[in-house]
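Every number in this text was worked out from the coordinates using simple rules, so none of it is lab data. These numbers come from a predicted model, not from an experiment. Every residue, glycine among them, receives a Cβ derived from its backbone with ideal geometry; neighbour counts consider all protein chains shown.
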Amino acid sequence: MSSLVIPGTLAAFPTPSLSLARVRFELTALDPIRLPPYSGSAWRGLLGRSLRQAVCVTRQPRCDGCLLRAQCAYCTIFESPATSPEISRRFSALPHPFVLEPKLGAPRAVEPGQPLGLGVTLIGTACQVRIDDPI
């Protein structure tokens, strides 16, 4: 972490660094798709369910109490547990470290063979997640 010194002051203030990674998915529909007015919730559900199925080795119905929670890609991105005892006393979870960006103006009805796109911005610890690493 670097420091920022403001002219006229004696103190140096730490300047935090924040990692961002932008990913764009360009997909082709295999079946007819009907998206809701705000498709972000549908995308979130699809991505979360798919990631959990891909990485969960315990197959427990809930992540609470899982011994692998701190190393789990799904939990890091979709559960966002508090990272320290101080934070957990104030908050049960952190904001999710991603932003979904459905394509603006995209049709809600997508026929087979038609394209559809989704942008995802990963923030902070989500940029470090690898789903091919063994737990």
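Below are the figures for this structure:
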quantity: FRET efficiency, 1/(1 + (r/R0)^6) with R0 25 Å, evaluated for ARG59 and LEU94 via beta carbons; calculated: 0.50
quantity: Per-residue ³J(HN,Hα) for segment 63-77, Karplus 6.51 cos²θ - 1.76 cosθ + 1.60, θ = phi - 60°, Hz, x for Gly and Pro; calculated: 8, 4, x, 5, 5, 9, 3, 5, 9, 7, 4, 4, 5, 4, 8
quantity: Helix axis angle, 40-55 relative to the chain longest principal axis, alpha carbon, degrees; calculated: 80
quantity: For segment 87-114 versus segment 63-86, the gap between their alpha-carbon centres in whole angstrom; calculated: 19
quantity: Label point distance in nm, LEU68-GLU101, each placed 7 Å from Cα along Cα→Cβ; calculated: 3.2
quantity: Label-point separation in nm, ARG44 to ALA21, each point 7 Å along Cα→Cβ; calculated: 2.1
quantity: Histogram of C-alpha separations across segment 19-128, 5 Å bin width, %; calculated: 2, 10, 18, 21, 17, 14, 10, 6, 2, 1, 0
quantity: Residue-averaged 222 nm ellipticity for the chain, from DSSP H runs of 4+ at -39500 (n - 2.57), nearest 500; calculated: -5000 deg cm²/dmol
quantity: Cysteines (scope the chain) whose Cβ has no counterpart Cys Cβ under 4.7 Å; calculated: CYS56, CYS63, CYS66, CYS127
